[in-house]
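The values are calculated or read from the model by the stated rules, or taken from the named source; none is laboratory data. Please read these numbers as outputs of a predicted model, since none were measured by experiment. Ideal geometry is used to build each Cβ from the backbone, glycine not excepted, and the neighbour counts take in all protein chains shown. Accessible surface is based on the protein model in full, side chains and every heavy atom, while ligands, DNA and RNA are left aside. Shrake-Rupley method; radii C 1.70, N 1.55, O 1.52, S 1.80 Å.
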Amino acid sequence: TQLLEQSPQFLSIQEGENLTVYCNSSSVFSSLQWYRQEPGEGPVLLVTVVTGGEVKKLKRLTFQFGDARKDSSLHITAAQPGDTGLYLCAGLPGGYNKLIFGAGTRLAVHP
Amino acid sequence: DTAVSQTPKYLVTQMGNDKSIKCEQNLGHDTMYWYKQDSKKFLKIMFSYNNKELIINETVPNRFSPKSPDKAHLNLHINSLELGDSAVYFCASSPRGATLYNEQFFGPGTRLTVL
């Protein structure tokens, strides 16, 4: 069974701080996605990374796929209260059959 | 003009009852999914349909029966509800199921509470 472990589970920071969230596995994934979920809503896709070592930027968010395609990180610069939410990573195993989701990192950014 | 819609948003019912959740997507996607998100926010796939054909059927009790009347709709019927079925159920769709990018669009969720 392929598993994705996210850390930390919870993160509470002040506005303006930087943070990094990690998504790790012992398995190789064909691609990895990051979603953000706000209370009472469904997850919304932020990014998909496909190539080992790939780095993608979305404004203040930087996503990296590990060289071996087993792990990923999400770095947020100068966090804002609007970044508050549950961040989920999801990996696509070989065969592209289904997404495997991590348990998520709950981020709270305080003004 | 909601992309993926689910009804109802909230569902409170007694143990042993039968209930249904409906899902519709207006994105023209071929593939639809049902996910269950438990109290720890762990999101797990239950079923997937591609053009009305069942392609993923995870280890789910047979009390859960999906039905896709057309590729824009995927409903979930649950028989003999149990306390452990309490969760948030999400419907999702993607343009094509088996692609590297596989972007999935989620509905707002249905919070099911079994008393």
If you check A:Thr20, A:Thr62, A:Thr84, which single one turns out to be touching a strand residue (DSSP E or B) at 6+ places or on another chain (Cβ under 8 Å), closer than 27 Å to B:Thr110 by Cβ and more than 14 Å from chain B (Cβ to nearest Cβ)? A:Thr84
Taking B:Thr110 as the residue in question, decide whether it is more than 10 Å from the chain's Cα centre (by Cα), touching a residue at least 40 places away in the same chain (Cβ under 8 Å), within 11 Å of chain A (Cβ to nearest Cβ) and surrounded by 18 or more Cβ atoms within 10 Å (Cβ to Cβ). no
Please enumerate the residues belonging to segment B:61-96 that are part of a loop (DSSP other than H, G, I, E, B), touching a Ser or Thr at 6+ places or on another chain (Cβ under 8 Å), open to solvent by 10 Å² or more (accessible area, probe 1.4 Å) and not polar (S, T, N, Q). B:Arg63, B:Pro95, B:Arg96
Among the residues in segment A:80-97, are any part of a strand (DSSP E or B) and surrounded by fewer than 18 Cβ atoms within 10 Å (Cβ to Cβ)? no
Only one of these is of a type in the set (Ser, Thr, Tyr), within 13 Å of B:Thr31 (Cβ to Cβ) and out of contact with any helix residue (DSSP H, G or I) (no Cβ under 8 Å at 6 or more places or on another chain): B:Ser80, B:Ser68. Name it. B:Ser68
So B:Leu100 passes all but one of these: (1) over 30 Å from A:Glu5 (Cβ atoms); (2) over 12 Å from the mean Cα position of the chain (by Cα). Which condition number does it fail? (1)
Please specify each residue of segment A:23-50 satisfying the condition of being within 10 Å of chain B (Cβ to nearest Cβ) and polar (S, T, N, Q). A:Ser30, A:Ser31, A:Gln33, A:Gln37, A:Thr48
So for segment B:42-58 (the condition being within 11 Å of another protein chain (Cβ to nearest Cβ), under 17 Å from A:Asn97 (Cα atoms) and not in a strand (DSSP E or B)), does at least one residue qualify? yes
